[in-house]
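Each value in this text was obtained by applying a stated rule to the coordinates, not by laboratory testing. If you're wondering where the values come from, they're calculated on a predicted model, not measured in any experiment. When we count neighbours, we look across all protein chains shown, and the Cβ atoms used for this are built from the backbone with ideal geometry, even at glycine.
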Amino acid sequence: MKRRDLLKFSLAAVGLAAVPARAAESCPDDGTPAQFVPKKPANPQPLDNDIDKYPKCPYCGMDRKQYHHSRMLVHYTDDLPDATCSLHCASLSLALNIDREPKAIYVADNTSAAEIKPLIEADKATFLVGSQIKGVMTKRSKVAYGSEEAAKASQAANGGELVNFDQALLTVYTDMSQDVVMIRKNRAERRKRAQQKG
């Protein structure tokens with residue numbers, strides 16, 4: 001399935017699980033809930049200092065510097081950037097902005113030994129899915145590598161399956177229901193622990 005078709009059908013896969021409970025104002029032209037439009041201003045160069053410009057994931061609030069190894073950035077054709085902590089949250093952006101065409105999609109390159117992983121085009125990455133590596137916002141991890149050789153070495157050490165970006169994105173939508181349940185449970189437990197301490 002081509003990415004364009006996958007993105008058009010992805011909103012149905014996500015369903016209402018990704019929609020916040022609060023009421024939304026709509027965009028005047030098409031009824032799209034306004035809270036889903038990327039909030040950062042248009043930027044033709046969103047990769048420059050992406051963590052400084054976009055420190056928090058707009059979908060879950062996670063720190064993109066802490067999760068530099070899993071972060072992503074969707075750059076739409078209207079130059080609006082949507083910078084997320086993970087493939088899970090990038091998939092929400094792609095599904096909720098269904099009428100916005102991605103110009104480019106970037107993912108952290110785990111081939112790099114840099115302190116902050118550089119971003120590369122997701123189309124050029126090899127993803128290791130379902131390995132022993134801990135996932136970000138998901139039970140079934142999805143880790144991107146700019147080098148197929150590095151991905152194969154990680155697979156040999158950690159198990160999992162090597163796939164391209166379109167296949168990795170499909171696994172996100174397949175996993176969405178279980179992952180949302182897991183995330184809600186984890187957040188409830190954190191709130192409970194915080195209340196017990198306070």
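A few notes on this one:
- Gyration tensor verdict on region 26-166 (Cα atoms; rounded if a/c is under 1.5, prolate if a/b is larger than b/c, oblate otherwise): prolate
- K56 long-range amide H proximity, modeled H, under 5 Å: R64
- Ranking of R187, R64 by neighbouring Cβ atoms within 10 Å, starting from the fewest: R187, R64.
- Cα-based shape type of region 84-165, given that a ≥ b ≥ c are square roots of the gyration tensor eigenvalues and the cut on a/c is 1.5: prolate
- Residues T77, T84, T126 arranged by fewest to most Cβ contacts within 10 Å: T77, T126, T84
- Taken over region 42-88, the percentage of Cα pairs per 10 Å bin, counting from 0 up to the bin with the maximum distance, is 32, 56, 12.
- Among L119, L80, L94, L162, sorting on how many other beta-carbon atoms sit within 10 Å of each Cβ, with the fewest leading, yields L162, L80, L119, L94.
- Cα-based shape type of region 68-109, given that a ≥ b ≥ c are square roots of the gyration tensor eigenvalues and the cut on a/c is 1.5: oblate
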